[in-house]
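The values are calculated or read from the model by the stated rules, or taken from the named source; none is laboratory data. This one's a predicted model, so the numbers in the text were calculated from it and none came from an experiment. When we count neighbours, we look across all protein chains shown, and the Cβ atoms used for this are built from the backbone with ideal geometry, even at glycine. For the accessible areas, the whole protein counts, side chains as well, though only heavy atoms, and no ligand, DNA or RNA atoms are used. Shrake-Rupley method; radii C 1.70, N 1.55, O 1.52, S 1.80 Å.
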There are 2 protein chains.
Amino acid sequence: MPIPANDPNRKSWLEVPQDSDFPIQNIPFGVFITKDDVVTIGTRIGNHAVDLGALQQLNYFEGIELTDDMFMQDTLNDFISDGKKTWRLVRNRIAEIFDADNGELRDNKDHRAVVVCSMDEVEMQLPVQIGDYTDFYSSKEHATNVGMMFRDPENALLPNWLHIPVGYHGRSSSIVPSGIPVHRPMGQTVPAGERTPVFGPSRMIDFELETAFITTDVNIMGENMPVHEAEDYIFGMVLMNDWSARDIQKWEYVPLGPFLAKNFATSISPWIVTLDALEPFRTKSPKQTPTPLPYLQQKGKHAFDINLEVSIEPEGVEPTVVSTSNFKYMYWTMSQQLAHHTSNGCRVNSGDMMGSGTISGPTPDSFGSMLELTWSGKNPIKMKDGSERKFINDNDTVIIKGWCKNAETRIGFGEVSSKLLPPFGRK
Amino acid sequence: MPIPANDPNRKSWLEVPQDSDFPIQNIPFGVFITKDDVVTIGTRIGNHAVDLGALQQLNYFEGIELTDDMFMQDTLNDFISDGKKTWRLVRNRIAEIFDADNGELRDNKDHRAVVVCSMDEVEMQLPVQIGDYTDFYSSKEHATNVGMMFRDPENALLPNWLHIPVGYHGRSSSIVPSGIPVHRPMGQTVPAGERTPVFGPSRMIDFELETAFITTDVNIMGENMPVHEAEDYIFGMVLMNDWSARDIQKWEYVPLGPFLAKNFATSISPWIVTLDALEPFRTKSPKQTPTPLPYLQQKGKHAFDINLEVSIEPEGVEPTVVSTSNFKYMYWTMSQQLAHHTSNGCRVNSGDMMGSGTISGPTPDSFGSMLELTWSGKNPIKMKDGSERKFINDNDTVIIKGWCKNAETRIGFGEVSSKLLPPFGRK
């Protein structure tokens with residue numbers, strides 16, 4: 001069954017710049033503060049912000065079963081709880097409303113004035129209240145690279161890696177939307193050649209190029225979600241920068257995993273792009289050898305061809321692209337991750353977020369972290385002003401972009417951009 | 001400055017059985033559903049449930065600055081956000097209201113009828129909405145025991161352990177109150193002598209004897225909480241059973257820590273006992289060698305003398321006590337844990353929960369898990385019906401109790417009790 005909102009021939013009466021991430025075929029969901037200081041759920045077409053709360057109040061969603069204030073909320077959690085059928089009805093309706101041939105809103109100046117404004121006039125917020133945040137580790141190239149550097153080059157991939165979509169719990173309270181700056185963390189590290197730790201600013205701040213998916217209510221406690229149904233419970237995806245302090249991580253991570261090296265900040269892009277919008281970009285994922293256990297086996301295409309790019313922008317200097325990767329390189333799919341996560345009955349709720357793990361591709365220019373790109377600082381990267389980076393410097397901005405593109409359509413995520421500030425309270 | 005509610009000489013006009021965990025000196029906070037199906041915040045004196053929402057509506061908290069519906073809520077988060085000064089004012093006022101010499105409520109039959117009922121008539125809920133849940137690993141004996149069994153007996157304690165209160169993130173969505181049964185999880189395990197995993201029910205379900213503390217809003221992102229102020233941001237404590245599947249854990253935990261081995265269920269006792277109530281039971285914690293880094297150094301008594309006891313109750317059989325431990329054995333204190341957790345600027349909010357880690361004492365009968373008590377199944381424990389336990393069997397109930405006691409007062413937590421059921425959907 002085709003999804004009407006994906007019709008590549010549809011044009012909008014709202015202007016959409018060429019190569020925009022947000023044509024009328026995208027219709028992502030987010031939360032923003034309007035110029036009148038009202039928090040609302042919205043979508044984006046071109047560089048226009050669309051206030052879905054206002055659209056609902058003006059009855060444009062009549063006929064779709066929604067609570068009265070569904071879009072007049074400060075998170076998408078309730079809407080996401082309504083399930084895939086409702087998401088699709090709403091997205092299709094929005095496509096209709098903004099279709100170039102539909103005069104209903106286009107020709108109603110008063111309505112247009114309260115529904116549509118420029119993206120410059122709104123302030124994007126976190127799109128969901130994230131109850132629990134899990135981060136996976138599903139790029140074989142990344143796991144191999146890190147294993148070579150942190151552990152044993154001969155046995156880089158640990159024995160469980162090819163059987164389990166390895167993951168761990170992260171910290172929800174430190175997840176911030178694009179644009180919020182992040183402070184360099186303090187922490188315990190062991191100086192080279194020493195055996196005891198010192199406390200001070202981390203000297204090895206890194207990004208991790210990731211995507212994340214947001215779920216609806218998946219199960220009750222005890223129940224599992226079969227892998228072949230799991231995708232229906234994924235609302236959509238965002239870009240994610242899993243900020244990491246490598247020197248803190250190296251010292252603290254045994255035996256219970258990364259903790260303070262990660263939980264000082266995680267940045268995400270503010271628009272959730274639905275799996276429906278990504279549908280035309282399905283592709284095959286890498287062959288899995290050995291064959292996973294039955295509860296993880298799936299047929300068909302469950303990867304998505306999403307181009308990814310990371311830039312570093314030193315203060316006052318043009319950004320330098322440091323990595324060009326693709327989400328399709330991931331060894332484990334999102335549906336396998338979700339099936340594994342619930343295989344023990346772990347409850348997953350609406351608004352929960354699951355990170356992909358660093359997305360490293362097969363070539364050195366597609367690695368998803370400075371740790372890998374510079375091989376732990378051995379091969380620094382040159383910026384446009386001639387300065388070099390082993391890791392991220394104070395006042396550098398890290399920008400991750402992501403987009404899908406075929407002959408007909410481009411569906412993008414926009415970006416997650418965040419500046420690294422000096423430690424809190426220091427200049 | 002003495003805390004009036006702690007006066008050991010105070011008696012209540014409500015009957016309190018001898019050796020009750022809940023004399024008028026306790027005044028814990030919790031959330032329950034009344035027999036009229038109303039959710040309210042409450043406290044407990046003896047075997048009486050006290051409806052704080054009703055007390056507030058009847059103006060018994062006049063003079064204390066509280067929002068109108070502070071206690072007519074389904075979580076304590078907002079009350080905890082109000083901070084220590086308010087917690088103390090409210091607890092002191094409750095002590096006054098129920099003082100044997102105060103006739104205000106005692107002699108008002110109509111008021112009493114809506115405020116007080118039997119504990120049998122209410123259903124306890126989770127006391128807080130837990131935004132983020134962290135579990136520490138702060139018992140030296142436990143870390144040593146596990147290190148000997150899972151890793152290297154010669155180097156059981158990892159090099160970071162004496163420098164860092166090691167911790168990791170857990171799953172909030174799987175935290176349930178006492179009384180909610182838990183299903184044996186399915187998962188990947190590697191049979192003895194094999195190298196590849198199979199999927200099936202875990203065969204090594206364990207409890208972990210823990211306590212946990214609940215915080216108020218501690219900091220903004222980037223900011224740290226100094227160790228000497230940290231205790232003021234701890235609202236109170238509960239008992240916790242950190243259910244663990246040892247066979248799943250052993251296979252999955254490298255390199256990112258325990259995940260599905262833990263996140264199927266975590267059970268807590270429903271009453272939060274305030275740090276104020278525990279004040280008379282402060283004691284010294286074990287000497288720390290080497291001296292921790294300055295941000296973790298503290299003077300004075302920051303441990304608490306809390307007796308702990310774990311029993312296993314097979315179906316239809318009297319419970320057998322399998323462990324007798326004490327919270328005072330913990331190497332790292334709660335204030336050190338909170339100072340460490342925020343040392344990198346990680347944000348901690350009202351209602352966040354931090355587990356102690358398994359509380360194992362110095363002697364084998366004080367170990368806090370079956371893994372240690374039976375030394376990974378080598379020394380089974382006999383139940384009262386003659387059956388043996390290496391780990392927890394289906395339909396066993398695990399009961400953790402905790403209490404403080406001196407010559408004058410007993411302050412207890414009640415219990416966290418939960419039954420292990422067969423895997424979901426099986427009998």
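Structure values in brief
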read-out: Probe 1.4 Å, accessible area per residue of the protein assembly as shown, Å²; value: 38 Å²
read-out: Chain A - charge dipole about Cα centre, Lys and Arg +1 at Cβ, Asp and Glu -1, debye rounded to 20; value: 1440 debye
read-out: Total accessible area lost when A and B pair, probe 1.4 Å, Å² to nearest 100; value: 5500 Å²
read-out: Whole-Å semi-axes of the range A:293-353's equivalent ellipsoid (Cα gyration tensor); value: 34, 17, 8
read-out: Computed Rg/Rh of the range B:119-207, alpha carbon atoms with Kirkwood Rh; value: 1.06
read-out: Other copies of B:D7: label-to-label distances in nm, shortest first, labels 7 Å along the beta-carbon direction; value: 7.8
read-out: Cα centroid separation, the range A:205-232 to the range B:348-427 (Å); value: 31 Å
read-out: Highest-MSF residue in chain A out of A:I312, A:I220, A:I94 [GNM, Cα springs under 10 Å]; value: A:I220
read-out: Carbon plus sulfur fraction of accessible area for the range A:4-124, probe 1.4 Å, in percent; value: 41 percent
read-out: Fraction of the pair-distance distribution of the protein assembly as shown above 43 Å, Cα-Cα pairs, percent; value: 32 percent
read-out: Ranked packing of B:263-274, B:189-200, most packed first, by mean Cβ within 10 Å; value: B:263-274, B:189-200
read-out: Positive-end residue, the range A:4-124 charge dipole about Cα centroid, Cβ charges, pick of A:L58, A:G46, A:M70; value: A:G46
read-out: Nearest-20 debye value, the range B:80-154 charge dipole, Cβ charges on Lys, Arg, Asp, Glu; value: 320 debye
read-out: Extension reserve of the A:N108-A:A192 stretch, reckoned as 0.36 nm per residue once the Cα distance is removed; value: 23.5 nm
read-out: Rounded tilt (10° steps) of A:84-97 against the dominant C-alpha axis of chain A; value: 60 degrees
read-out: Axis-proximal residue, chain A, for the rotation superposing A on B (Cβ, Å); value: A:G257, 1
read-out: Test item: Cα-centred dipole of the range B:357-402, Lys/Arg +1 and Asp/Glu -1 on Cβ, debye; value: 80 debye
read-out: Ranked by how many other beta carbons lie within 10 Å on average, peptides A:79-85, A:65-71 from highest; value: A:79-85, A:65-71
read-out: Where the Cα pairs of the range A:193-340 fall when distances are cut into 10 Å bins, in %; value: 9, 29, 32, 21, 8, 0
read-out: Cα convex hull of chain B - mean projected area over all directions, nm²; value: 21.7 nm²
read-out: Gaussian network model of chain A, springs between alpha carbon atoms under 10 Å - residue of A:K382, A:K140, A:K328 with greatest fluctuation; value: A:K382
read-out: Calculated FRET efficiency for the pair A:L421/A:E123, C-beta based, R₀ 22 Å, to 0.05; value: 0.70
read-out: Residues along the range A:320-346 losing 10 Å² or more of accessible surface when the other protein chains are present rather than the chain by itself (probe 1.4 Å); value: A:H340, A:H341, A:S343, A:N344, A:C346
read-out: Taking N as its residue count, the alpha carbon Rg of the range A:124-264 over 2.2 N^0.38 Å; value: 1.19
read-out: Compactness relative to 2.2 N^0.38 Å, alpha carbon Rg of the range A:125-164; value: 1.63
read-out: Rounded to whole Å, sorted largest first: equivalent-ellipsoid semi-axes of the range A:4-124, Cα gyration tensor; value: 19, 17, 14
read-out: Largest-first principal axis extents, alpha carbons of the range A:41-188, Å; value: 67, 35, 28
read-out: The range A:133-421, accessible surface, carbon-and-sulfur percent (1.4 angstrom probe); value: 50 percent
read-out: Residue (of B:I80, B:N9, B:S323) at the positive-pole extreme of chain B, dipole from beta-carbon charges; value: B:S323
read-out: Per-selection Kirkwood Rh - the range A:250-323 (Cα, Å, 1 d.p.); value: 17.1 Å
read-out: Two-decimal log10 I(q)/I(0) for the range B:91-141, as the Debye equation yields it once each C-alpha is a single scatterer, q = 0.22 Å⁻¹; value: -0.94
read-out: Residue among A:S12, A:S350, A:S325 with the largest mean-square fluctuation in a Gaussian network model of chain A, springs linking Cα atoms under 10 Å; value: A:S12
